[in-house]
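The values are calculated or read from the model by the stated rules, or taken from the named source; none is laboratory data. Here the structure is a predicted model, which is why all the values come from computation and not from measurement. Please note: Cβ atoms are built from the backbone with ideal geometry, for glycine as well, and neighbour counts cover all protein chains shown.
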Amino acid sequence: MHGEPALPSDFTHFPYANPDAPKGGRITYGLPGTFNSVNPFIIQGDGVRGLNDLEVGMNVFEPLMARSFDEPFTLYPLVAESVETDAERTFVEFQLDPRAAFSDGRPVRPEDVIFTFDLLAEKANPRYKRLRDKIEKIEKTGERGVRFTLDPELGDRELPLIIAMVPVLPEHAIDRESFDKSTLEPIIGTGPYTLSDVRPGERITLIKNPNYWGADVPSKKGFDNFDEIRIVYFRDQTARFESFKKGEIDVQIEASPFANADPARWTKRYDFPRVQSGEVKKSTFQSALPSGMRGVVLNTRRPPFDDPKVRRAITNLFDFDWINRNIFDNAYTRIGSYFDNSVLNSQTAPPTDAERALLGSYADQILPDILAGQWTPPTSDGTGRDRNFVRNALTLFQEAGYKLEGRQLTGPDGNPLSFELMIDGSDGEMIALSWQKTLALLGIRLDLRKVDTAQYFERRKRFDYDAIIHFYSSSLSPGAEQIGRWSSLAADAEGSFNFAGAKDPAVDAMIDAMLAASTRDEFEAAVRAYDRVLLSGFYVVPFYFMGEQRVAHDADLAYPEQTALYGFQLPTWWRQTAADQ
């Protein structure tokens with residue numbers, strides 16, 4: 001995206017992978033949720049995880065190029081053996097690897113790439129249509145070439161990379177008409193595994209393809225080391241942990257970009273027999289990833305959260321200090337930025353001249369402390385009875401036109417302030433109950449709506465909630481994915497990740513600036529300006545983050561000595577006993 005790749009064109013493997021890792025054995029993962037479809041690209045149904053997944057691997061479907069998790073945003077050859085683009089990013093052309101093949105042995109053709117983009121735009125998640133709309137034309141060039149001509153009005157500098165990360169699907173093996181319907185019929189891809197066993201809502205089994213075409217591609221050396229991957233799905237986090245204790249699953253992620261940490265469990269509940277016997281090992285990893293934003297997302301499509309003053313006041317009533325002390329053994333740090341714990345954090349310094357130029361007149365809508373880089377979420381004395389903490393929030397509610405009448409906080413319309421927080425099973429319930437008590441101090445009624453995973457995802461897809469708990473993961477190169485999370489374009493698109501319903505021209509402008517940046521300095525200035533705008537919108541009540549990653553696992557599992565910039569990478573792990581087979 002910016003500058004030059006860290007690795008030379010003749011690199012042999014990624015630094016965080018072990019090219020000599022032994023092959024063989026089975027690994028069993030436990031993932032949250034459920035599924036009723038094995039098509040992960042469409043809106044209909046609950047799509048299965050684990051087929052093309054950042055956490056457990058691009059196991060079935062592979063993109064044209066592979067992302068390096070040791071660099072902020074650099075791609076290396078995979079299905080495409082080379083890539084060409086110009087400085088203005090008006091086009092991108094790929095030459096396919098002549099070895100690239102689908103799991104049925106049929107070669108990958110430029111026609112498959114063209115078919116994939118047209119199919120996904122027509123039948124899949126709306127984000128693929130938004131991507132296709134930025135492409136003027138796709139054409140075959142030579143025997144193995146495919147060229148994308150990009151719309152100069154709609155495109156951006158990241159577009160060639162986004163195109164390169166779209167999985168390639170087989171034209172010969174897909175029924176175009178029925179592609180958008182939920183199915184339990186496996187779709188083949190170019191990946192190292194094939195889907196061999198499907199038990200809807202319960203588990204899937206992936207079997208290593210002995211004829212996998214990409215085993216010698218440098219970006220895959222040291223990856224995909226198991227003969228079999230089994231993925232079991234759990235509706236309840238407690239059930240998943242109990243399954244791990246019994247040895248039914250091999251990996252229990254306690255803190256990572258994909259899992260909310262439970263510090264008390266890590267420190268107090270790993271005394272079960274398999275730990276004592278040495279069958280289970282606890283490993284920690286460090287990463288340079290930003291914290292991301294975990295918290296309560298407020299749906300601005302509905303009152304009272306259509307009022308930014310109410311959103312700010314509600315944020316001031318989250319008593320992190322009490323929660324951290326009494327529930328989490330003071331293991332967490334409060335999130336103060338969408339990119340906390342990184343160079344992209346806007347709350348460590350005042351804006352540069354470059355940021356001010358980007359913000360322009362939008363700077364007037366940013367809270368002064370946030371603009372100055374001095375804002376932090378409100379703190380309490382940690383007792384749960386801090387009157388000043390509650391009084392400061394009340395002042396903000398009064399500025400929004402609310403009054404405390406008796407034991408109820410009433411709005412300008414005379415109605416008591418109340419809202420519903422929808423949670424997925426018991427996930428986040430302890431935090432929600434604690435917040436419920438704090439809100440009650442000001443006469444605000446918070447109703448908790450616990451629903452099963454299937455209902456949760458369906459209602460979330462339709463934006464049918466007042467508030468939800470969500471984690472927006474982050475990288476050192478945020479880009480086009482922000483359109484789906486925060487842009488006006490995505491606010492009314494069913495299935496998008498704009499859960500807050502944000503429609504702010506300032507947000508849209510900062511996303512455009514990020515995508516247009518041609519140097520790292522320009523990019524960082526744009527991200528920090530974007531961070532200030534999001535923080536001032538008070539779309540999320542920020543929770544907390546943990547710097548280290550924590551994983552408990554079967555002691556026979558091993559991982560490379562070098563940890564990637566982004567932390568541990570499960571697709572590079574292996575079984576030590578496989579070396580003895």
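Things to note:
- Residue check for E55: acidic (D, E), surrounded by fewer than 19 Cβ atoms within 10 Å (Cβ to Cβ) and under 27 Å from the mean Cα position of the chain (by Cα): yes
- Some residue of segment 116-123 being small (G, A, S) and without any contact (Cβ under 8 Å) to a residue 60 or more places away in the chain: yes
- Residue check, S426 out of contact with any Ser or Thr (no Cβ under 6 Å at 6 or more places or on another chain) and under 26 Å from Y362 (Cβ atoms): no
- In segment 277-333, the residue that is surrounded by the most Cβ atoms within 10 Å (Cβ to Cβ) out of those that are polar (S, T, N, Q) and more than 22 Å from Q549 (Cβ to Cβ) is T300.
- Failed criterion for S103 (all others in (1) within 30 Å of F523 (Cβ to Cβ); (2) in contact with a strand residue (DSSP E or B) (Cβ under 7 Å, 6 or more places away or on another chain) hold): (1)
Table: residues versus (1) of a type outside the set (A, V, I, L, M, F, W, C); (2) surrounded by fewer than 16 Cβ atoms within 10 Å (Cβ to Cβ); (3) touching a residue at least 12 places away in the same chain (Cβ under 8 Å).
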| position | (1), (2), (3) |
| --- | --- |
| D424 | yes, no, yes |
| W435 | no, no, yes |
| L442 | no, no, yes |
| L448 | no, yes, yes |
| D452 | yes, yes, yes |
| F457 | no, no, yes |
| D464 | yes, yes, no |
| I469 | no, no, yes |
| S475 | yes, no, yes |
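- Qualifying residue in segment 3-12 (condition: modelled with pLDDT under 95, among the hydroxyl-bearing types (S, T, Y), part of a loop (DSSP other than H, G, I, E, B) and over 24 Å from I207 (Cα atoms)): yes
- Residues that are in a strand (DSSP E or B) and either aromatic (F, W, Y) or on the phi > 0 side of the Ramachandran plot (or both), drawn from segment 72-100: Y76, F91, F94
- In this structure, Y332 does not qualify as in contact with a Leu (Cβ under 7 Å, 6 or more places away or on another chain), of a type in the set (S, T, Y) and either closer than 30 Å to K437 by Cα or without any contact (Cβ under 8 Å) to a residue 40 or more places away in the chain (or both).
- Subset of segment 108-148 [at pLDDT 95 or above, of a type in the set (S, T, Y) and within 29 Å of the chain's Cα centre (by Cα)]: T116
- The strands (runs of 3 or more DSSP E) located wholly in segment 363-428 that include 1 or more residues which are within 30 Å of K461 (Cβ to Cβ) and among the hydrophobic types (A, V, I, L, M, F, W, C) occupy 418-424.
- Any hit, segment 16-35, residues being touching a Ser or Thr at 6+ places or on another chain (Cβ under 8 Å), under 23 Å from L161 (Cβ atoms) and part of a loop (DSSP other than H, G, I, E, B): yes
- Condition met for V60 (assigned to a strand (DSSP E or B), touching a strand residue (DSSP E or B) at 6+ places or on another chain (Cβ under 9 Å) and among the β-branched types (V, I, T)): no
- Looking only at segment 334-362, and only at residues there that are surrounded by 19 or more Cβ atoms within 10 Å (Cβ to Cβ) and over 25 Å from the mean Cα position of the chain (by Cα), the one that is farthest from M430 (Cα to Cα): L358
- There is at least one residue in segment 304-313 that is in a helix (DSSP H, G or I), of a type outside the set (G, A, S), under 24 Å from S474 (Cα atoms) and in contact with a strand residue (DSSP E or B) (Cβ under 9 Å, 6 or more places away or on another chain).
- Residues that are in contact with a strand residue (DSSP E or B) (Cβ under 6 Å, 6 or more places away or on another chain), modelled with pLDDT under 95 and not in a helix (DSSP H, G or I) within segment 151-179 comprise just one, D151.
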